[in-house]
Amino acid sequence: LDGWGWGVTALHALPIASQSELQFGASYSGFAADGGEYDYDGGELFAGFETLLPAQIDLRGVVGVGWFPYEHPSSFEAVGSSDREDVAYRLRLEMERELGAGFSLLGRYRYDNRHSNVDVFDYDRHIVGLYVTYSFGG
């Protein structure tokens, strides 16, 4: 265990059609790391959607921007302030279909663009996944 994280999110869903909705929200989170270098309190604003496509495929997406000011200087060289400060942009798209008998198939794409005043934490990331899930019970 390298620390304790916490978060709270407020989400508002706005139905726009019989099987579609827009979503808007904000989150606030923090992390208390052992050693303190990675302690932060930060927030994110996001917007998304969910809709049911033909063939019973759920399509979901979300975009967000967050600000994460760290509470202590980084052991890596920082530009400007000695405390690390990140601005993070994200995009996530998902398509999911129930297969029956408790199984579902999910395809996911995630893009992260993180701007940091500490070069080692300044990056772009693409994650692509295909998941088969089994749900127990109801």
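Readers should treat all values here as calculations from the given coordinates under stated rules, not as data from a laboratory. Keep in mind the model is a prediction, meaning the values are calculated, not measured. For neighbour counting, all protein chains shown are included, and Cβ atoms are generated from backbone atoms with ideal geometry for every residue, glycine included.
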In a Gaussian network model of the chain with springs linking alpha carbons closer than 10 Å, the residue among Phe46, Phe76, Phe68 that fluctuates most is Phe76
So, over other residues within a Cβ distance under 14 Å of Arg110, counting Lys, Arg +1 and Asp, Glu -1, the net charge is +3
Calculating Kirkwood radius over Cα pairs in Å from this structure picks out, from (i) 17.3; (ii) 15.2; (iii) 15.6, entry (i)
Under the rule rounded for a/c under 1.5, else prolate if a/b exceeds b/c, else oblate, using alpha carbon gyration tensor axes a ≥ b ≥ c, the stretch 57-138 is classed as prolate
Between the alpha carbon centres of the stretch 1-23 and the stretch 68-94 the gap in Å comes to 23 Å
Under Stokes-Einstein, the stretch 1-75 at 20 °C and 1.002 mPa s, with its Kirkwood radius over C-alpha pairs, diffuses with a coefficient in µm²/s of 147 µm²/s
